[in-house]
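Reviewing the structure listed below.
The values are calculated or read from the model by the stated rules, or taken from the named source; none is laboratory data. Model, not experiment: these values are computed from the prediction. Here the Cβ positions follow ideal geometry from the backbone for every residue, glycine too, while neighbour counts run over all protein chains shown.
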Amino acid sequence: MERRLLLNSTEKYLRIASISVAFYDYIITLPAEWRFYRKQSSNVHISLSCALFILIRYVSVLTMTFSNYGYFSTAFTQQACQQYYLLAPIFKILQTMVSQVILGVRTFNIARRNRRIGIALLLLYLFSVSLEWFTDIFHRTPVVVEGNCTPANIGKVLTTWFYYLAVMSYDLVMLTISITHLLRYNPLSSRVERLVRVLIYDGIGYFIALSAVNVLNLILYHTTDFETQSAGASIAYAVTWIMSQRILIHVGEMAESDGHHLENVVVARPARKVMSGLRSQFGSKSHSKSSRSPIDAEFMSTSPRNGHRNDMELGIRVCVERSVMVDYGDEPEHSDSWGKPTVT
């Protein structure tokens, strides 16, 4: 009996703490929300980053509201709980879906919008979402204790803990792909180096924070004690909300600090050697030239400098410039011919 009272008190403290932290974070991020609104060209056509910011923010508010109202209320009957108990699990999945879209689009842009990677990420997202809907809703039972309504996972087969396993697996794949690509970049400037560092730290921080609360909930939902299963649920909602919107806010702050959008991030690769066919590219006797491949021209054609913006960016765009340096040898005196080019 004492153990049960202790667990109930702990859950109440955790829920109150999560509500307090989430409310505090909501207040201090109101200026960031206003900046997102102010950047939009119109109220009808908003960018993807702004839409995701609004979704993760207010879907999370509804998720925490439904979950904690059902727990702290003392007026629920069994019939009322039967109509209410699935709201919290449903909005939990919706919150997770928005958070995973943010990670997926972020990873896709970091991977330079590789078509194969994009298809793989989409398939992984659809599979993960399907698994999450099934494991979080299946075998849910409305339980009324002292007037509060709890969506418990009771039965011979406990499925809800698989939900948290699926979420962690998705986060791990996104983190692995994004960091693998970020570590390949050789920044040309301190600004780009700072952006890459922020992206790496945000990804690792998101994964560590979410994994910690997901492991806690995985353990709790692995038990048959329905009164303690949801003890860490509200903490998970708050952490998912805060970490997801921080990813969007940090990139936006980087863009504002540099005075322009970061859709076009330039990173370096080793120059390629060109053995022949370069003479026709030069119209004057200069000692060094640089050229871009057709792939580079394609990347540059969609940059903001050419007047195009894509709402799929989330403030991140990776562009690779390949430079070819050609040094000409000394010209012979009294000669109208070109010197022999030397490629470096």
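Points worth noting:
- Within the stretch 23-51, tally of residues that are farther than 13 Å from G252 by Cα and under 19 Å from the mean Cα position of the chain (by Cα): 4
- Selection from the stretch 9-56 of residues that are modelled with pLDDT of 90 or more, of a type in the set (S, T, Y) and exposed (fewer than 15 other Cβ atoms within 10 Å of the Cβ): S20, Y24
- Flag for S178 being surrounded by fewer than 20 Cβ atoms within 10 Å (Cβ to Cβ) and of a type in the set (S, T, Y): no
- Subset tally (residues that are of a type in the set (A, V, I, L, M) and farther than 12 Å from Y237 by Cα) for the stretch 18-28: 2
- Qualifying residue in the stretch 186-196 (condition: part of a helix (DSSP H, G or I) and at pLDDT 85 or above): no
- Where a residue in the stretch 51-79 is over 20 Å from G232 (Cα atoms) and its partner, wherever it lies, is surrounded by 15 or more Cβ atoms within 10 Å (Cβ to Cβ) and of a type in the set (F, W, Y), with Cβ under 6 Å and at least six apart: F53/F36
- Failed criterion for D136 (all others in (1) in contact with a Lys or Arg (Cβ under 7 Å, 6 or more places away or on another chain); (2) closer than 24 Å to T176 by Cβ hold): (2)
- Residue in the stretch 24-38 that is under 30 Å from T228 (Cβ atoms) and among the acidic types (D, E) present: yes
- Residues in the stretch 197-231 that are in contact with a helix residue (DSSP H, G or I) (Cβ under 6 Å, 6 or more places away or on another chain) and either not in a helix (DSSP H, G or I) or not assigned by TED's automatic domain parsing to the domain that holds P142 (or both): Y221, H222, A231.
- Residue within the stretch 122-143 that is assigned by TED's automatic domain parsing to the domain that holds Q79, out of contact with any helix residue (DSSP H, G or I) (no Cβ under 7 Å at 6 or more places or on another chain) and under 30 Å from P187 (Cβ atoms) present: yes
- Exclusive hit being more than 26 Å from R246 (Cα to Cα), assigned to a helix (DSSP H, G or I) and polar (S, T, N, Q), set T10, T65: T10
- Taken over the stretch 27-50, residues that are in contact (Cβ under 8 Å) with a residue 60 or more places away in the chain and either in contact with a helix residue (DSSP H, G or I) (Cβ under 6 Å, 6 or more places away or on another chain) or small (G, A, S) (or both) amount to 5.
- Residue within the stretch 154-161 that is without any contact (Cβ under 8 Å) to a residue 12 or more places away in the chain, within 20 Å of S244 (Cα to Cα) and either crowded, with 17+ Cβ neighbours inside 10 Å or not hydrophobic (A, V, I, L, M, F, W, C) (or both) present: no
- Taken over the stretch 183-204, the criterion of being within 30 Å of S169 (Cβ to Cβ) and either surrounded by fewer than 14 Cβ atoms within 10 Å (Cβ to Cβ) or of a type in the set (V, I, T) (or both) is satisfied by L183, R184, V196, R197, V198, I200, Y201, I204.
- Pick from the stretch 120-151, criterion closer than 14 Å to L218 by Cα and modelled with pLDDT under 90, ranking: surrounded by the fewest Cβ atoms within 10 Å (Cβ to Cβ): T135
- Check on N68, under 25 Å from K12 (Cβ atoms) and either hydroxyl-bearing (S, T, Y) or in the same structural domain as E132 (by TED's automatic domain parsing) (or both): yes
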